Every structure is written in structure tokens, then in C-alpha cells.
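Worksheet: the structure to be examined is printed underneath.
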Amino acid sequence: DKLMQVEGGVKQSWIWKVKEEGMISTAASAGLVMLWEMGDGLDKIDAYTYVPEEQVKAGAALGMGIMNSGVRYEGDPTMALLGDMEGKSVAVRVASIMGMGLAYAGSNKEEMLEILLPLVTDTSLDMQISAMAALSLGLIFVGSAQSDVSEAIIQTFLDEDRNHQLKDKWTRFMTLGLALLYFGQQEEVDVVLETLKAIEHPMSKPASVLADICAWTGTGAVLKLQQLLHICNEHIEEKDDEDEKDTDKKDEDGEERRDTSGDQLVQAYAVIGLSLVGMGEDVGQEMVLRQFGHLMHYGEANIRKAVPLAMGLISPSNPQMKVYDTLSRYSHDNDIDVAINAIFAMGMLGAGTNNARIAQLLRQLASYYHRDPNALFMVRIAQGLLHMGKGTLTINPFHTDRTVLSRVAAAGLLTVAISLIDNPKAFILDKDHYLLYYLVTAMHPRFLVTLDEDLKPVQVNVRVGQAVDVVGQAGRPKTITGWQTQSTPVLLAAGERAELEDEEWVCLASVMEGMCILRKNPDWQAPRKQGK
């Protein structure tokens with residue numbers, strides 16, 4: 001906070017101590033510091049928009065989106081400030097598009113179609129702008145199977161002007177935008193998969209795998225896991241020479257290289273898919289983690305780079321000993337990309353938990369990699385994630401006693417994982433480190449605050465302990481084990497549950513987490529003290 005919000009205003013700010021693209025991320029971090037603080041935050045970030053440097057303006061636009069993420073505000077200032085993109089530079093446009101995606105993630109806001117759809121279909125634009133627009137639309141309409149958006153994205157894939165652009169590294173975000181529309185839709189996605197089969201381009205196969213895993217996220221469907229493992233088992237071989245003896249040798253080489261790049265992405269997506277489909281139930285998680293061990297031993301390089309990320313995705317903000325010990329081993333891997341992804345995954349595992357063991361491992365890694373700037377950058381990011389919100393936030397996409405999966409949160413985590421997948425140096429370690437801000441959609445406080453019916457905080461005693469599965473048991477079994485009594489507000493770690501100590505108050509929600517409204521129990525009588 002002290003670096004960004006100095007008394008001298010923007011001129012004294014820390015932004016001027018970083019170069020070029022760094023300015024975008026630095027200015028946007030102001031939005032993260034003032035997360036969900038719309039009243040004061042807008043004025044402070046607005047100051048950055050009057051600076052001549054384009055990167056700072058872009059960062060301010062992104063910061064506004066971040067600050068507004070998941071908050072509904074009367075008057076919609078974000079749309080008014082970010083929607084006007086005429087004549088702006090590429091950096092500002094990309095940041096504005098991304099900011100709108102973050103601010104309205106999951107809101108199904110029809111007005112956003114008018115602003116963002118033309119950017120997807122306009123073939124004269126850079127792939128970066130179109131892909132980010134598609135991704136933002138995917139986030140805004142996540143899991144709604146919005147037909148206009150999916151038609152526009154598929155039309156873009158079929159467009160001949162775009163065909164030469166589909167080899168661009170940004171294309172994966174366009175495919176992700178399409179996949180997010182079918183998030184959790186299960187069978188609904190089949191129509192799109194059929195359409196993608198018709199597109200003859202190496203990008204169509206990764207796109208269909210991505211759409212498939214998004215549709216089945218969090219279901220634990222065993223058949224899907226088997227399909228994905230089959231994809232990982234295929235050995236990618238160069239094309240046979242026999243088919244193409246007639247063609248020129250140069251052309252053949254070019255064909256081969258391009259063809260395998262699509263297949264390698266497919267395998268990397270399949271690994272991420274294993275963790276997405278398997279997340280949310282403990283047995284499935286353990287099976288998938290065991291498979292990751294095999295993939296790490298016997299997989300090709302492209303699979304090995306994706307495995308650490310998948311391990312981080314499977315239990316975010318839930319530091320399990322067996323997982324981070326394995327990741328700690330991978331963080332010293334000979335392949336530096338695997339090591340960098342493992343470091344980031346450790347940050348995801350411990351995000352917002354202040355876990356002392358992971359903190360110690362990251363400190364050791366910082367001294368181990370002190371000569372490698374990329375790895376050191378990742379260690380610092382992981383340390384930031386570990387102490388996120390000074391230990392009061394979590395990025396676990398499950399809520400309501402780990403029964404409901406938040407689509408927006410899972411989409412944000414998936415976006416960051418996909419930007420790191422086959423080569424961390426392509427985006428995050430290159431110039432596009434602001435893609436890390438997609439984690440914002442998954443951030444939410446992990447404390448339990450009790451309020452009375454007038455929404456004033458009440459202090460009551462609650463028991464906090466490890467949750468026990470009591471489905472289908474007769475009587476009133478204990479729902480938590482090994483509890484401690486604390487007075488609210490309290491922090492709930494992963495897998496913990498809270499219940500009220502006595503019956504003086506009745507909780508109006510079925511699950512005690514986040515903000516809980518309590519009502520006085522009219523029938524309650526204070527227990528009489530003994531000996532009177």
C-alpha cells in the first residue's frame with residue numbers, strides 16, 4: 001500500500017521505478033490494493049489516467065476492472081470509463097477489454113455484447129485484441145452457452161483473413177473464451193465440438209479439448225478422466241514421409257512442425273483437464289494426483305510442464321503436505337520451465353494461507369535461483385500469493401461447504417494456468433505478466449462474519465473444526481471434529497466448518513461461511529448458574 005498510495009500522488013508513485021510493460025502491472029496493482037473499494041478507489045485510480053505514458057493509462061484501466069471485480073455498483077462507472085476505446089493504443093485497448101472482463105465476470109450483461117463482439121469479428125485487428133475480447137466475453141457469459149458469442153468466435157476460426165493469424169500465440173485465449181461459455185454445461189457442448197471438427201486447422205483440436213474439459217469441470221466424471229488420460233498417452237510422432245513425397249521438402253518440414261504444436265497443446269490441456277474434472281471430491285483428487293506422478297515420470301516435455309500447474313489447480317488455497325512436497329521436488333527440475341511452473345503452483349496451493357512450510361520452501365528457492373531472473377520473479381509471485389490479503393483471502397473456487405463450484409473463480413484460475421502452460425516465457429515471463437491478474441476473479445475472503453438482522457456485526461461464540469461428512473446418517477451426528485471455540489469474526493481454513501456454540505442465535509443460512517445473518521432465538525433461555 002505504501003509504495004502505491006504515497007502522499008505526493010501519482011508523481012511520487014512507485015510506477016516510475018519500473019520500465020515499459022512493468023508499468024501496466026504496477027498501475028493495475030493499485031486496483032488490487034483497493035479491491036472492492038469503489039468509493040475511494042475510483043478517485044485514486046482516476047489520477048493515473050491523466051498521465052502521458054500509454055502503459056500507465058492501460059494499467060489504470062485494468063486497475064479499475066480489478067477493483068470492480070465481483071462487485072455490483074449502482075451507476076456502472078466501469079462500463080462508462082472502459083467502454084470508450086476509439087483511437088486508443090493497443091495496450092490501453094487490451095487492458096480495457098481485460099478490465100471489463102474482470103469487472104463483469106459472470107454477470108451475463110447483455111450491454112457488453114455491443115462493445116466487445118465487434119472486436120472479436122473485426123479481422124483487421126491484431127489477434128491479441130480479438131482474443132482478449134473473446135476471453136472477456138467468455139468470462140462475462142461464463143457457463144451460459146451464449147449463442148451469439150460462440151457463433152462469432154467460431155466464425156472467426158472459419159474466416160480466411162484470420163487463418164494466417166491463428167498461429168499467433170494469443171489464439172489460445174480465443175479458444176478459451178469459447179470454452180468458458182460452456183463451463184459446467186456437460187452435454188450442451190457437443191454441438192460446438194462437432195462444429196470444431198469441421199475446421200481444418202491445428203488449433204481446432206486443442207479448442208475442442210478445452211471446451212470439453214470446461215463443460216465437465218468439477219463433475220469428477222470418470223469416463224472423461226479416462227478420455228483425457230488416453231490423450232496424454234498418445235505418442236506424438238512426426239508425419240510419415242510416404243504421404244508427402246511429392247511436396248517440396250521445406251514445405252513438408254513446415255507442415256510437420258505446425259502439426260505437432262497443435263497436438264502438444266492438446267496433451268497439455270488434457271493434463272490441466274484431469275485436475276479440473278477431478279477437483280471437488282477427495283477420492284478423485286487422490287487418483288488424479290497419482291496419475292500425475294506417472295505422467296511426470298514417463299511423459300514428454302510438454303506434458304511435464306503442465307503437470308505442476310495441474311497439481312496447483314486441483315487444490316488451490318489448500319496446502320496438502322503430499323502435494324507441496326512433490327512440487328518442491330519438481331521446483332529443482334532440470335527443465336527450467338517445469339521448475340518455474342512448480343514454483344507458481346506452490347503459490348497457488350498456499351494462496352492466502354500463510355503456510356509456514358511453503359514460505360520456508362520458497363525462501364530456499366529464492367536463494368537457490370538468485371541468478372535466474374525468471375525463476376526468481378516466479379518465486380516472488382508465489383510468495384505474494386502465499387501471503388495474499390495478509391492471510392485473509394482464499395482462491396478456492398468451491399463454496400457452501402465445498403459443494404458449489406464458482407464458475408467465475410474456476411475460469412480465472414484456468415486462464416492463468418493456460419497462460420503458463422507449454423512455455424511460461426511466452427506470456428507471463430515475457431511482457432504479459434498482467435495476465436496474472438485473472439486470479440482476482442477467484443479471490444474472496446475466507447472469514448466468517450456474523451451480523452444481526454439490521455446488518456450490524458454481532459460477536460458470538462462459534463466452534464471451528466474439521467468438517468465431517470454426515471450425509472445419510474441417522475439422528476444428529478456431530479458435523480465437525482477436533483473443534484476449538486472462538487468468537488466471530490474467525491478465519492476458516494480449507495476443509496473447516498463452523499457451527500454456533502449455543503442456541504441463543506439461529507443462523508438464517510444453511511451454511512456458516514462468509515457473511516452470516518443471525519436471528520435471536522425467541523425460545524432460548526440462558527442456562528441457570530449452579531449453586532444459587
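Taken together, the values in this text are just the output of simple stated rules run on the coordinates, not laboratory data. If you're wondering where the values come from, they're calculated on a predicted model, not measured in any experiment. Don't worry about glycine lacking a Cβ; one is built from the backbone with ideal geometry, like all the others, and counts go over all protein chains shown.
Data for the structure
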quantity	calculated
5 angstrom amide H check on GLY143, placed H, neighbours 5+ away	LEU181, TYR182, PHE183
Signed unit charges on C-beta, dipole axis of the range 63-217, positive-most listed residue ALA131, VAL189, ILE154	ALA131
Label-to-label distance, nm, for residues given as GLN155 and LEU508 (7 Å Cα→Cβ offset)	4.6 nm
Calculated from backbone phi, Karplus (6.51, -1.76, 1.60) coupling profile of the range 504-512 in Hz, x at Gly/Pro	5, 10, 10, 7, 7, 9, 6, 10, 8
Length added when fully stretched, GLU234-GLN360, from 0.36 nm per residue minus Cα-Cα	41.5 nm
Flagged links, alpha-carbon separation over 25 Å, of LYS197/LYS224; LYS57/LYS431; LYS57/LYS305; LYS205/LYS425; LYS109/LYS169	LYS57/LYS305; LYS109/LYS169
Pairwise centroid distance, computed over Cα atoms, of the range 345-387 with the range 97-150, Å	33 Å
Rounded FRET efficiency, nearest 0.05, which uses the C-beta distance separating ARG329 from HIS370 and R0 of 30 Å	0.90
Sequence-distant residues sharing a close amide H with VAL404 (under 5 Å, placed H)	HIS399
Debye, to nearest 20: dipole size of the range 416-460, +1 on Lys, Arg Cβ, -1 on Asp, Glu Cβ	200 debye
Size of electric dipole in the range 148-225: Cβ of Lys, Arg +1 and of Asp, Glu -1, about Cα centre, debye, nearest 20	440 debye
Unit charges on C-beta of K, R, D, E only; dipole of the range 448-520, Debye	140 debye
Estimated FRET transfer efficiency (LYS109, ARG380; beta-carbon r; R0 22 Å; 0.05)	0.05
Phi to ³J(HN,Hα) by Karplus 6.51 cos²θ - 1.76 cosθ + 1.60 over the range 450-459, Hz, x for Gly, Pro	9, 10, 8, 6, 8, 6, 9, x, 10, 9
Residue-span extension gain [ARG290 to VAL222] - 0.36 nm each, minus C-alpha spacing	23.0 nm
The range 448-520: antiparallel DSSP beta bridges as a percent of all, rounded to 5	80 percent
Cα-based convex hull volume of the range 448-520 per residue, rounded to whole Å³	88 Å³
